[in-house]
Amino acid sequence: MKSFISADVALQAAVKAATQYAAIATDKDPDDGAHVVPGELRRFLGRLRLLHGVPFSYLVPDAALLPVESIRFFYIDRAWTDALVQGALSVGTISSADRTQLEAVYPHIRAEVDEAERTIRKPRSEDRLQGGSGTITGFLMRSRVVSGWPTLHVRAYTTDTLADAELTDVAESHPSRMKVLRMERLAPAVLLVLFDGVPAVVHIEEPRQGIQFGARLDPDDPPDARRARVKVRDCNSGDSVPPLDDFTGANSVDVPFRPGAPGVIDIAALRQRLAAKAPNSGGSLEANEYALQMLRFPYRQVFGDPKNDEGQKFYALDRFKATVKLDAWKATLATRLGKA
């Protein structure tokens, strides 16, 4: 009598073998330790979970859903990304035995891919985050800000305890901050950011790497006739002329442009206007005083603050503080030049 193995017995043997195989760590990654799934495959699936390689048309099927100068916050459906991972894994299955083995090992794969999600993006000089990810949220922003400042800063917090205009150096590993799982420009003016959790408040701010000169638009002007304005500062102290949150004829000047060249500032005419308005200018502005008037510090946009106790939408992150009065500085400089 010939012995034979039925299909049912073969499948049961395959499931048992796959289960026993999954219980033994077969890949020892120097960064991640021992895992069932090889490191390269684990990180590929982790990036896939974070929507790397997913066509943008699958995320935003119509441009009207993300109009110009807009931001859209969202949750990621775990069932959708799990199906995405399963679809990628199914490419390697041919027979019923292959699919049965994959189904037996999949709980281990999912747990390790959950952990890999948090290690795809690792900020410098910070510890690796352990454990699997929870709910993933994020936003898509389409704005000239994205193209104008490629190195925007984005921070998310679990609780709204930080003052909207306060500077902080709290790391992503701090309990009050949320880890940014992905932050990438998908197009020159489109930014995608994913968070590990549901934030209570999100800060988006201009980079702090340097200083810049600039003017502001008066929000009270009609959209088709908005004027560029510069608020004046005291030449001795650097303090802005009040009121700080409004444009008036006493605390600001209109920015003049060259005839026949819209957008090109008439530097000489603007200098005269600032000199006439700025306190302690003496009717004229030196180069350093001119720079003081035009100096603009980074701004921050705050989302998710329902109380908005400060009553503002944008926040200047710094304010110029003069340590030496201008007349004293001029006297010191004159003395040094005289000795030279």
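The values are calculated or read from the model by the stated rules, or taken from the named source; none is laboratory data. Computed from a predicted model, the values in this text were never measured in an experiment. Please note: Cβ atoms are built from the backbone with ideal geometry, for glycine as well, and neighbour counts cover all protein chains shown. Only protein heavy atoms, including side chains, enter the accessible area calculation; ligands, DNA and RNA are left aside. Shrake-Rupley method; radii C 1.70, N 1.55, O 1.52, S 1.80 Å.
Between the amide H of ARG182 and those of LEU194, distances stay under 5 Å, these residues lying 5 or more places away or on another chain, with hydrogens modeled in the peptide plane. Along the Cα-to-Cβ line of PHE303, 7 Å from the Cα, sits a label point; which residues in region 59-98 have backbone N less than 14 Å from it? 66-76, by backbone N distance to the label point.
At a probe radius of 1.4 angstrom, the accessible area of region 230-282 per residue rounds to 52 square angstrom. Classification of region 215-279 by its C-alpha gyration tensor yields an oblate form. The axis ratio a/c (a ≥ b ≥ c) is 1.5 or more, and b/c is at least a/b. Gain on full extension, evaluated as 0.36 nm per residue between ASP98 and ARG144 minus their Cα-Cα distance, stands at 11.6 nm. The modelled label-to-label distance between THR168 and LEU333, using points 7 Å beyond Cα along the C-beta direction, is 4.0 nm.
Fully extending the segment from THR151 to ASP62, taken as 0.36 nm per residue of separation minus the present Cα-Cα distance, adds 29.4 nm.
Divided by 2.2 N^0.38 Å, where N counts the residues, the Cα radius of gyration of region 186-242 comes to 1.72. The gain in end-to-end length when the ALA189 to PHE257 segment is fully stretched comes to 21.8 nm, 0.36 nm per residue minus the alpha carbon separation. VAL54 to ILE267: FRET efficiency via 1/(1 + (r/R0)^6), r the Cβ-Cβ distance, R0 51 Å, to the nearest 0.05? Once rounded, the FRET efficiency stands at 0.60.
When N is the residue count of region 145-255, what does its C-alpha Rg come to as a fraction of 2.2 N^0.38 Å? This ratio for region 145-255 stands at 1.36. Taking the accessible area of region 43-145, probe 1.4 Å, and keeping the other protein chains in place, the carbon and sulfur fraction comes to 55%. For region 176-192, the Karplus equation 6.51 cos²θ - 1.76 cosθ + 1.60, evaluated at θ = phi - 60°, returns couplings of 7, 9, 9, 6, 8, 6, 8, 9, 8, 7, 7, 8, x, 10, 10, 10, 10 Hz by residue, with Gly and Pro reported as x.
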